[in-house]
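Input: a single structure, listed below in structure tokens.
The values are calculated or read from the model by the stated rules, or taken from the named source; none is laboratory data. Since this is a predicted model, take the numbers as computed values, not measurements. Ideal geometry is used to build each Cβ from the backbone, glycine not excepted, and the neighbour counts take in all protein chains shown. Ligands, DNA and RNA are excluded from the accessible area calculation, which covers all protein heavy atoms including side chains. Shrake-Rupley method; radii C 1.70, N 1.55, O 1.52, S 1.80 Å.
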Amino acid sequence: MKSGDKVKLTKRSFLLKGVIVLTGAQVEIQEIDGDKVVVLYNDREGYPHTISDLSLSDLAPLD
């Protein structure tokens, strides 16, 4: 995986600043620093959200 790749979340669904992020949601990798990953998530309305507390194990390639 590298910056710019589109992947899916394998982490359990969680709440991010009032937005529910579901398991299996598609995200785009913005930055990888060791095992920590910053991704861009677009909600149902198309608004972008940065998620910065993920690890590589929380992501999987798209099918």
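Which value results for Rg/Rh of the chain when Rg is the Cα radius of gyration and Rh the Kirkwood radius based on the inverse mean 1/r? Provide the component values of the computation, followed by the final result.
Numbers: Rg = 10.6 Å, Rh = 11.5 Å.
Rounded to two decimals, Rg over Rh is 0.92.
Scan the chain for GluC sites (Glu not before Pro) in coil per DSSP, keeping those whose Cβ has at most 13 other Cβ atoms within 10 Å, and list them by number.
Glu45
Send over a whole-number figure in Å² for the accessible area per residue of the chain, probe 1.4 Å. Mind showing how you got there, number by number?
Details: 4260 Å² over 63 residues.
Heavy-atom accessible area per residue stands at 68 Å².
Carbon and sulfur atoms: what percent of the 1.4 Å accessible area of the chain do they account for?
Whole-percent figure for carbon plus sulfur exposure: 50.
Within the chain, how many Lys pairs that are eight or more residues apart, or on different chains, come under 18 Å at the alpha-carbon?
4
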